[in-house]
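Novice: Sending over a structure as structure tokens; questions will come in a sec.
Values quoted throughout were computed directly from the atomic coordinates according to the rules given, and no laboratory measurement underlies them. From a predicted model like this one, the values you see are computed outputs, not experimental measurements. Counting neighbours? That spans all protein chains shown, and the Cβs are built from the backbone with ideal geometry, glycine included.
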Amino acid sequence: MKLDVIIPSYNEDGNIEIIHKELTKVLKDIKYTLIFVDDGSTDHTLAKLKDIYNKDKRHVRVLSFSRNFGKDAAIYAGMSVSNAEYTVVIDADMQQNPKYIIEMLEYIEKHPEYDQIAMVNNYENEKGSKRFLKRIFYKILNRLSEQKFVAGASDFRLFKKNVVKALVKIGEKNRFSKGLFAWVGFNTYYMSYEIDERYSGESKFKFRKQLSYALDGIVSFSTKPLKLATIIGSIISLIAFIYIIEILLETIIFGKDIPGYASIMCVVLLLGGIQLLVLGIIGEYIAKSYIEAKDRPVYVTKEVIGYDDDIL
Ligand code: UDP
Ligand code: MG
């Protein structure tokens, strides 16, 4: 059995040594390769990766991006060079204990009907606000998307080779990995785990980034928000129609004066707001199509260590 472990790393110079040490300890009885993907780090991550490569050339491989392309691009790059029977994706920050890799491997060997194992975090160890937002995100996403997402399912996963091949074939530029993992299908087993504290440094997914990531996920995996325009438009037209009839009756039959300015302002502002909102939603989809149409690569590599240069 051969295992590839993909470790996306962005400004993780305080974690590289420990994650390498812990993975080495845990995987000692397995044939494995550690594929570190330096996602355009601006600290000493790449230097640290070169150090561990020089100490452990048998197991360590490094891909380094020309700039920060995001975790999903890093996972994609790692998968593009992976060709082992099993592939695992794990964070570099020790929040996901490498010991679970063995549990995943044991489980999938015993249950060959599964093709993918996703580690699910029950959020118990996460901060209240983050936990709350993640819950809401999954509620909205599941309501809008045809794919079903398990709340708390992380990117900490094990894949069989056929799943990796299917994922690499998807050439999308907006790579919302969790969505793609669900989209390709296959049998997924959800295994629960406890998330640990970050060993060093701080999370790259601050509130704003997390929010924009969540919106990207919704736009990538659902077109339902576009239908919103039709629904809102129909409801407002109906209300307007009823109101017109009422006004006509009042003026023609009862000869009443129609009081104007304030109510007209309210309606104009409300409709203007709704129109801009709907335009914004349409804009999000057009922007995504535009990015896909340009067909730029998902990432650009600067250095490849431990592989032949033409691997990518
Ligand atoms: N990461 C990455 N590129 C980025 C942001 C994050 O490769 O642009 C990596 C990061 O180095 C870590 C993993 O993705 O190994 C998860 O990031 P982080 O721990 O910041 O996220 P959180 O655990 O807080 O969701
Ligand atoms: Mg983390």
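Novice: Determine, from the Cβ-Cβ distance of LEU270 and THR223 and an R0 of 41 Å, the FRET efficiency 1/(1 + (r/R0)^6), rounded to the nearest 0.05.
Specialist: According to the calculation, E is roughly 0.95.
Novice: Which whole-angstrom value gives the distance between the alpha carbon centres of the stretch 248-284 and the stretch 44-122?
Specialist: So the two Cα centres are separated by 56 Å.
Novice: Determine which aspartates and glutamates satisfy two conditions relative to LYS173: a Cα distance under 12 Å, and not lying fewer than 8 residues away in the same chain.
Specialist: Here the aspartates and glutamates satisfying the reach criterion relative to LYS173 are ASP72, ASP216, GLU292, ASP295.
Novice: Hey, another quick one. Check the straight Cα-Cα distances from LYS28 and name the aspartates and glutamates below 19 Å, setting aside those fewer than 8 residues away within the same chain.
Specialist: ASP4, GLU17, ASP56, GLU85, GLU103, GLU106, GLU109
Novice: Quick one: net charge around ILE19, please, counting Lys, Arg +1 and Asp, Glu -1 for every other residue with C-beta under 9 Å from its C-beta.
Specialist: The answer is -4.
Novice: Starting from the Cα of ARG58, step 7 Å along the direction of its Cβ; do the same at PHE186; then give the gap between the two resulting points in nm.
Specialist: 2.8 nm
Novice: Please give the residues of the stretch 91-134, grouped as numeric ranges, whose backbone N is less than 15 Å from a label point set 7 Å along the Cα-to-Cβ vector of PHE207.
Specialist: 127-134
Novice: First measure r as the distance between the Cβ atoms of ILE252 and ASP308, then evaluate 1/(1 + (r/R0)^6) with R0 = 51 Å and state the FRET efficiency to the nearest 0.05.
Specialist: Plugging the Cβ-Cβ distance into 1/(1 + (r/R0)^6) gives 0.05.
Novice: I need the shape label for the stretch 36-141. Rule: rounded when a/c is under 1.5, else prolate if a/b > b/c, else oblate, with a, b, c from the alpha carbon gyration tensor.
Specialist: Oblate.
Novice: Determine, for VAL120, VAL5, the number of other Cβ atoms within 10 Å of each Cβ, and report the residues in order from fewest to most.
Specialist: Going from least to most buried by this count: VAL120, VAL5.
Novice: With a/c under 1.5 counting as rounded, go ahead and sort the stretch 141-220 into rounded, prolate or oblate using the C-alpha gyration tensor (a ≥ b ≥ c being the square roots of the eigenvalues; past the cut-off, prolate if a/b is larger than b/c, else oblate).
Specialist: It is oblate, given that a/c is not under 1.5 and a/b is not larger than b/c.
Novice: So what's the back-of-envelope 222 nm ellipticity for the chain, counting only DSSP H runs of four-plus at -39500 (n - 2.57) apiece and dividing by all residues, rounded to 500?
Specialist: -16500 deg cm²/dmol
Novice: Sticking with this one: Anyone know which of ILE281, ILE245, ILE19 comes out most mobile in the 10 Å Cα GNM of the chain?
Specialist: Its mean-square fluctuation being the largest, the pick is ILE245.
Novice: Please give the charge dipole size of the chain, origin at the Cα centre, charges +1 on K and R Cβ atoms and -1 on D and E Cβ atoms. Round to the nearest 20 debye.
Specialist: Value, rounded to 20: 140 debye.
Novice: Got a sec? How would THR33, THR42 order by Cβ neighbour count within 10 Å, fewest to most?
Specialist: With the sparsest Cβ surroundings first, the list reads THR42, THR33.
Novice: Give the shape of the stretch 52-102 as rounded, prolate or oblate, defined through the alpha-carbon gyration tensor: a ≥ b ≥ c are the square roots of its eigenvalues, a/c under 1.5 means rounded, and otherwise the shape is prolate if a/b is larger than b/c and oblate if not.
Specialist: The shape class here is rounded.
Novice: Take every Cα pair under 8 Å in the chain that's 6+ residues apart, average their separations, divide by the length, and report that relative contact order as a whole percent.
Specialist: Once divided by the residue count of the chain, the mean separation gives 23 percent.
Novice: List TYR290, TYR243 from most exposed to least, where exposure is judged by having the fewest other Cβ atoms within 10 Å.
Specialist: Ascending number of Cβ neighbours within 10 Å: TYR290, TYR243.
Novice: Between LEU279 and ARG67, what is the FRET efficiency for a Förster distance of 22 Å, r being their Cβ-Cβ separation, to the nearest 0.05?
Specialist: Using R0 = 22 Å, I get an efficiency of 0.10.
Novice: Go through LYS110/LYS160; LYS99/LYS206; LYS148/LYS178; LYS139/LYS161 and tell me which ones have a Cα-Cα distance over 21 Å in this structure.
Specialist: Flagged as over cut-off: LYS99/LYS206; LYS139/LYS161.
Novice: So which residue, out of ALA214, ALA287, ALA84, gets the largest mean-square fluctuation from a GNM of the chain using Cα contacts under 10 Å as springs?
Specialist: Evaluated over the chain, the most mobile residue of the options is ALA287.
Novice: Relative contact order for the stretch 94-234: what is it in percent, counting Cα pairs under 8 Å that are at least 6 residues apart?
Specialist: 39 percent
Novice: Among DSSP bridges having both ends in the chain, what percentage is antiparallel? Round to the nearest 5.
Specialist: Of those bridges, close to 35 percent are antiparallel.
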